Amino acid sequence: MANRADAPPPPTGYLLWHVSLRWRVAMDRTLAPLGLTHAQYAVVASLHGMLMGGVRPSQRQLADYSGLEPMYISRLVRTLERAGLVERKDNPDDPRAVQLSLTARGSEVVAKAVPEVRELEERYLAPLGGRDSGRNVELRRALQTLLAHADALGGTPAPEAFGQAAG
């Protein structure tokens, strides 16, 4: 993707797509030693965040929080349950729903994964000054603006958790 210095950059959508592809590959490689994919990490990290906030969510609540489709969450949860990372229990308040939690092993995996993901993010954001830099905060705000606009146009709603991100 080398460009002449005086040439305009490629279209925004092209750049977003390629950054997201590289991010996903890097995440999968980083998480593979822990037995997770990027999508599985999104589930266990979101579940961990909800549990730390005092919420033992249903699959639907986890889907809303993570921004993933409910059917995809269901498949991922089944896989994570077979791997011994997540457990489903009957919800005493709703017999049609289950409540999710991390197993002790799931909590251990999340505890190992989070610093690895943060370190990866730091490496990827180094050209902007790192995770906590003003330039990264500007980038996050610009991306939030684009997500909100996509929602207003009828796109997939932004994940609940990211709409409340500090920055």
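The values are calculated or read from the model by the stated rules, or taken from the named source; none is laboratory data. Just so it is clear, the structure is predicted and the values come from calculations on it, not from any experiment. With ideal geometry, Cβ positions are generated from the backbone for all residues, glycine too; neighbour counts draw on all protein chains shown.
Quick notes
- Qualifying residue in region 92-107 (condition: modelled with pLDDT of 95 or more, among the β-branched types (Val, Ile, Thr), over 24 Å from Thr12 (Cα atoms) and out of contact with any Asp or Glu (no Cβ under 6 Å at 6 or more places or on another chain)): no
- Subset of region 136-167 that is under 24 Å from Met52 (Cβ atoms) and not in a helix (DSSP H, G or I) - its residue that is modelled with the highest pLDDT: Pro159
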